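For reference, the structure discussed in these notes is given below.
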Amino acid sequence: MLSSDDNNNIFLGIDGGGSKCKAIVMSAENEILGTGISGPGNPLHGFEQATHSIVASTKLALADANIPESSLSNIVAGVGLAGVNLPVLFEQMNQWQHPFKAMHLTTDLLIACLGAHQGADGAVIISGTGSCGFSYVDGEEYIVGAHGFPHGDKGSGAWFGLQAAKQVLLSLDGLIVTSSLNDKLLSLLSVTTGVELVEAIAGKPAAFYARMANLVFDAAEQGDALALAIVQEGAGYIDNVATQLSKRCPPRLSLIGGLTPRLLPWLAKDVQKSLSAPLNSPEVGAVFYARQQMG
């Protein structure tokens with residue numbers, strides 16, 4: 001177990017998104033000491049849920065690092081959250097009576113970019129539960145998308161899942177041909193009719209719809225015409241985001257997020273060639289951010 005002096009030299013990185021909150025504890029020498037994952041960390045879907053997830057993932061990371069919870073008040077935290085690009089949510093989170101020695105709050109977009117490029121300039125396209133493009137070049141932030149689900153987040157897991165649900169409902173009404181998506185989606189949700197499907201999906205959050213994204217890619221890879229059209233539309237949007245970001249001349253561009261391995265093969269060849277593998281995770285980027293803020 002670390003001594004109290006050691007605890008003054010460790011940093012906490014938080015990456016809070018729509019479906020989960022990740023925490024990492026790192027030493028001053030960039031050694032990863034412990035990690036933890038808890039529930040959703042986007043304050044747009046609830047301030048109490050977000051703060052609870054931050055603390056819960058932090059405690060799991062401390063336990064993994066064999067550091068006592070009493071050390072929280074000695075730890076500097078970098079916290080990157082989805083949703084805090086909205087000023088009202090940033091202010092709400094920034095006023096939170098957190099348990100840390102200091103908390104440096106920013107967006108999940110910036111920490112993802114800093115993590116992917118080792119704290120240096122670059123750009124990222126994020127496709128997970130949600131989607132967006134972001135660049136950080138010469139101190140200037142630039143965002144493409146990040147408008148939230150369901151009115152935005154095209155090319156995200158939630159978007160793919162929603163498109164699948166819409167098309168299956170149309171087919172159940174006899175308005176379009178039935179595809180292999182029908183059996184896959186109805187089986188996943190344990191329903192058989194359109195009414196039951198609507199009951200199952202009504203009012204559900206983005207993370208729920210994102211669970212259905214893999215069904216679309218599975219069906220597309222098996223040659224299903226309807227799924228192919230959905231995947232090609234989503235991938236085309238991500239291609240356009242990459243083109244827009246390239247205008248900012250970022251030194252590196254990375255595709256990150258849980259949908260990356262499924263989405264990557266469907267992107268345009270020139271976009272695929274322009275991508276560089278991310279160097280670190282967003283939660284590591286949160287630590288980089290905290291250190292930058294400390295000078």
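Every number in this text was worked out from the coordinates using simple rules, so none of it is lab data. Values in this document were obtained by computation on a predicted structure and should not be read as measured data. Positions of Cβ are backbone-derived with ideal geometry, glycine not excepted, and every protein chain shown enters the neighbour counts.
Some values worked out for this structure:
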read-out	value
For the range 154-232: rounded, prolate or oblate by the Cα gyration tensor [a/c cutoff 1.5]	oblate
Potential lengthening between His147 and Glu91 on full extension [0.36 nm per residue; Cα-Cα distance subtracted]	18.3 nm
Along each principal axis, Cα extent of the range 30-114, largest first, Å	36, 26, 22
Directionally averaged shadow of the range 119-278, computed from the convex hull of its alpha-carbon atoms, nm²	9.5
Mean Cβ count within 10 Å, highest first, over the residues of peptides 207-219, 244-256, 263-275	207-219, 244-256, 263-275
0 to 90° range, to nearest 10: angle between helix 180-189 axis and the chain longest Cα axis	50
Degrees separating the helix 47-64 axis from the principal Cα axis of the chain, which is the longest one	60
Test item: Cα-centred dipole of the chain, Lys/Arg +1 and Asp/Glu -1 on Cβ, debye	280
Charge dipole (the chain, unit charges on Cβ, about Cα centre) - positive-most of Val55, Asn94, Phe217	Phe217
In the chain, lysine pairs closer than 17 Å at Cα, eight or more apart or cross-chain	8
Distance (nanometres) between label positions extended 7 Å along Cα→Cβ at Ser276 and Thr243	2.4
Counting DSSP beta bridges with both ends in the chain, the antiparallel % (nearest 5)	60
Rh (Kirkwood; distinct C-alpha pairs) - the range 79-186, Å	16.3
Global form of the range 189-241, assessed from the alpha-carbon gyration tensor, a/c cut-off 1.5	oblate
Highest to lowest packing among 158-171, 188-201, 39-52, scored as the average C-beta count within 10 Å	158-171, 39-52, 188-201
